[in-house]
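Notes follow once the structure below has been shown.
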Amino acid sequence: MYLDPNNVSEFNGHFFGLSSSVEEANLIYLSIPWDVTTSYGEGTAKGAQAILEASYEPEWYDFDYPDIWQVPRATLPISSEIAQKNQKLRSLAQKVIQHLENGGTTDDEAIAKELQTVNQASIELNDWVYQQAQQLIKQNKLMGLIGGDHSVPLGYMKALAEHYPSYGILQIDAHADLRNGYEGFIYSHASIMYHALQIPAITHLIQVGIRDVCQAEIELIQTDNRIVAFDDWQLKDRAFAGITWAQQCQEIIAKLPPLVYISFDIDGLSPEFCPNTGTPVPGGLQFNEAIYLLCEVVKAGKTIIGFDLCEVAPGNDEWDGNVGARLLYKLSNLTIASQQRH
């Protein structure tokens with residue numbers, strides 16, 4: 001199919017208007033409209049749709065890889081069934097959260113049924129994502145997962161672990177996400193990396209930009225030698241002392257293994273780039289700092305085997321979706337570029 005890079009993108013239900021078939025595509029986009037366990041602001045279930053709508057605006061030209069837009073990519077439809085299930089379950093989760101905020105505990109009978117229902121639904125979602133990812137990986141497809149809250153990539157990580165003997169995660173995030181469950185929800189958005197570390201194939205977890213953690217997470221970071229945290233306070237202190245971002249990026253990359261999965265929570269950026277995300281935290285990376293780090297990962301010879309982009313939430317304008325779309329495009333291009341060396 002002929003595409004004119006100088007023309008407007010067609011509004012065709014595919015990210016960026018790049019509408020190859022799944023069979024033809026090298027990279028497939030899978031969206032998960034899910035924010036059931038969100039603990040603060042909600043709305044990330046609509047993040048993928050916001051990114052999709054904003055994705056027709058950016059130009060295809062990439063200053064690092066000018067012709068990479070020609071590599072075929074396809075978009076799987078956003079599941080209305082998951083979106084409807086999310087809406088129903090979100091109301092149950094809110095009942096649990098309100099109960100806890102009013103002084104209740106997760107052991108109370110008053111919320112036992114709701115907790116069980118939400119936790120079972122989260123298990124089913126993880127299994128569904130796993131099955132979708134497994135099918136695509138078996139076809140030698142790359143996959144980009146778009147959330148949704150940060151709980152949704154776990155099934156994808158498990159599927160990759162069956163295909164690759166070992167790999168590491170580069171996590172850009174304001175939060176460590178290392179809690180063993182949160183608010184009674186086993187598969188909470190605050191627990192994704194705790195569960196990821198239960199997957200034996202994941203040998204490294206390199207965290208960048210974290211700045212809002214609990215004591216138990218700090219203790220896990222300090223005792224698990226698979227985890228290296230470049231927290232935002234450390235990054236900024238070193239920058240103020242004259243250590244360049246380029247130098248710090250090389251230190252981060254040196255901790256990564258050859259195969260890398262990128263898990264990008266949009267709140268790893270400064271809130272000016274994601275004002276409507278569910279749990280914004282002051283500080284964080286500038287947009288171009290994040291892009292520079294990701295580009296350096298590829299320049300260092302690392303292979304990106306997959307990625308997720310989570311926690312984008314639309315507001316009253318298209319800004320969050322706009323930033324998310326541009327970040328998604330760069331993540332896609334870098335993933336493809338890292339694979340083209342093989």
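The numbers here are math on the coordinates, done by the rules we state, and not lab data. What you see is a predicted model; the values in this text were computed from it and never measured. All Cβ positions, glycine included, derive from the backbone under ideal geometry; neighbour counts span all protein chains shown.
Tabulated data
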quantity: Highest to lowest packing among 238-244, 44-50, 284-290, 295-301, scored as the average C-beta count within 10 Å; calculated: 44-50, 284-290, 295-301, 238-244
quantity: Percent antiparallel among DSSP beta bridges (both partners in the range 122-246, rounded to 5); calculated: 10
quantity: Computed over the range 170-227: relative contact order in percent, which uses C-alpha pairs under 8 Å that are six or more apart; calculated: 41
quantity: Peptide ranges 137-148, 100-111 listed from the most packed, as the mean C-beta count within 10 angstrom indicates; calculated: 137-148, 100-111
quantity: Rounded Å value of the spacing that divides the Cα centres of the range 68-128 and the range 261-318; calculated: 23
quantity: Long-range lysine pairs (8 or more apart or interchain), the chain, Cα under 20 Å; calculated: 15
quantity: Protection proxy ranking, peptides 222-232, 323-333, average beta carbon neighbours within 10 Å, highest first; calculated: 323-333, 222-232
quantity: ³J(HN,Hα), Karplus 6.51/-1.76/1.60, whole Hz, each residue of the range 110-121, x for Gly, Pro; calculated: 4, 10, 4, 5, 5, 4, 4, 5, 5, 5, 5, 5
quantity: Residue-count net charge about Glu59 - beta-carbon cut-off 15 Å; Lys, Arg +1, Asp, Glu -1; calculated: -4
quantity: Positive minus negative residues near Gln132 (Lys, Arg vs Asp, Glu; Cβ under 14 Å); calculated: -2
quantity: Value at 222 nm in deg cm²/dmol, rounded to 500, when DSSP H runs of n ≥ 4 in the chain each add -39,500 (n - 2.57); calculated: -12500 deg cm²/dmol
quantity: The chain - percent relative contact order, Cα under 8 Å, separation 6 or more; calculated: 21
quantity: Cα pair count fraction exceeding 24 Å, expressed as % - the chain; calculated: 53
